[in-house]
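**Q** What follows is a single structure, and I will ask about it in a moment.
Here, each number is a calculation from the coordinates, and none is a lab measurement. Because the structure is predicted, anything quoted here is derived from the model rather than measured. Heads up, the Cβs are rebuilt from the backbone with ideal geometry, glycines too, and the neighbour counts pull from every protein chain shown.
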Amino acid sequence: MQLWELFVLAVGLSMDAFAVSVCKGLSVGRVRPAHALTCGAWFGGFQALMPLTGWLLGVRLQELIVSIDHWIAFILLCIIGVNMIRGSREEGEEDMEASFSAKAMAPLAVATSIDALAVGVTFAFLQVDIVPAVLFIGVITFVLSSVGVWAGSAFGEKSRARAELAGGIILILMGTKILLEHLGVL
C-alpha cells in the first residue's frame, strides 16, 4: 500500500472520530486546548490500536482465507462506508455529553474505531507494514479529531454530516480499488 493510499484510508477511517469530535465541540460552551488534545489522544490512540488488533487476527486467519481476502476487504470496507453514509443522512443533532473524562471518552473511542479493526484484518491480506501504518492512522486521527472539536464549536452540526459522508465514500472507493486490483482490472 502506497503512502497516498494509506493517507486516504486514514482520513476515511478518522471521519467517525472527527464527527464525534465535532459533536463534542458542540457540547461544550467554550473549547479549550485540553478538550481538543483529549479527543485527539483518545480517538487517535484507539484508531491506531484497533487496526493493529485486526491485523493480528488477520495474520492468524490469512492461510485459511487467502483466496477470498480481496472480497473480504471489499465487503468490510463497503459495509463500513455505507453505514457512515447512512449516518450522515440522519436528521437532527446527536446528544453528546460535555464530559471529556475517561468514562465518557472510552466508549466513544471504541465505537468510532470498530471499523479500523476490520481494516486491520484487511491489512494482513495486503501485506501492509503494520507499525508505520497504524502510527500514521493514529496521527491523522489525532490531528483531525483535535481539529473537529474546534470545528464543532465554530461550525456546528453540518460539519458532522459532511465528514461522515466523505468518510463513507472514501472507504467504499478504497474497497473497490482493492477488489479491482486483485481481479486484475487495475
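**Q** Quick check: Cα centre of region 1-78 to Cα centre of region 107-130, how many Å?
**A** Each part's Cα centre sits 6 Å from the other's.
**Q** Where the convex hull is taken over the Cα atoms of region 43-90, what is its projected area averaged over directions, in nm²?
**A** Computed as one quarter of the Cα hull surface, the answer is 4.1 nm².
**Q** Would you mind counting up the charge near CYS78? Only other residues with Cβ under 14 Å from its Cβ, with Lys and Arg at +1 and Asp and Glu at -1.
**A** Local net charge: +1.
**Q** Rg to Rh ratio, the chain, alpha-carbon atoms and Kirkwood radius?
**A** 0.99
**Q** Counting each DSSP H run of 4 or more residues in the chain as -39500 (n - 2.57), what helix-only mean residue ellipticity at 222 nm follows after dividing by all residues, to the nearest 500 deg cm²/dmol?
**A** Taken over the chain, the calculation gives -30000 deg cm²/dmol.
**Q** What relative contact order, as a whole-number percentage, does the chain give when Cα pairs under 8 Å and 6 or more residues apart are counted?
**A** In percent, rounded to a whole number, it is 51.
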